[in-house]
Amino acid sequence: MKIKSIVLAGIMSLIFSVNASETQYKKSDPVPVWGHATAVSKMCAELLGVTDPVKMRDGATKILNETLNRLPDAEVSDEGKNVIEAFVTRSRSPADIPSRCETNVNERYWEIDQAKN
């Protein structure tokens, strides 16, 4: 009986730790929706040098809608709005390149996602 209790306690602690680690996100994980992740790549490639937030937001919305095969003036989902916000408010450096831009957008997306939950 004592051995059963020890084994059961060990299994429970293992299950709990695995479950807890699965629910954690990594800051560098891509945006969870495939179409949105593709849009982030295009945003970083096409809008990397744009600094005006209004132009960035408009361009990002256009790219997101094109990527998802929607009309240009279609309503963007809440998750899509988070992607656009992450792109506009990402951290930048003078030597920004598209791959670094994507990483910064992904990190910012998860910060926004955590703040809303």
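Just so you know, all these numbers are worked out from the coordinates, no wet-lab data involved. Bear in mind that the values here come from a model prediction, so they are computed numbers and not experimental data. We place every Cβ from the backbone using ideal geometry, glycine too, and count neighbours over all the protein chains shown.
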Name the pairs: first residue in region 48-63 and free of Cβ contacts under 8 Å to residues at least 12 places away in the same chain, second residue not in a helix (DSSP H, G or I), Cβ to Cβ under 7 Å, at least 6 apart or on different chains?
-> Lys62/Pro72
When you go through Lys55, Lys42 one by one, which is the residue that is surrounded by fewer than 16 Cβ atoms within 10 Å (Cβ to Cβ), part of a helix (DSSP H, G or I) and of a type in the set (Lys, Arg)?
-> Lys55
Subset of region 94-117 that is in contact (Cβ under 8 Å) with a residue 12 or more places away in the chain and basic (Lys, Arg) - its residue that is farthest from Ala60 (Cα to Cα) | Lys116
Considering residues of region 71-88 that are surrounded by fewer than 16 Cβ atoms within 10 Å (Cβ to Cβ) and not in a helix (DSSP H, G or I) only, the residue nearest to the chain's Cα centre (by Cα) | Ser77
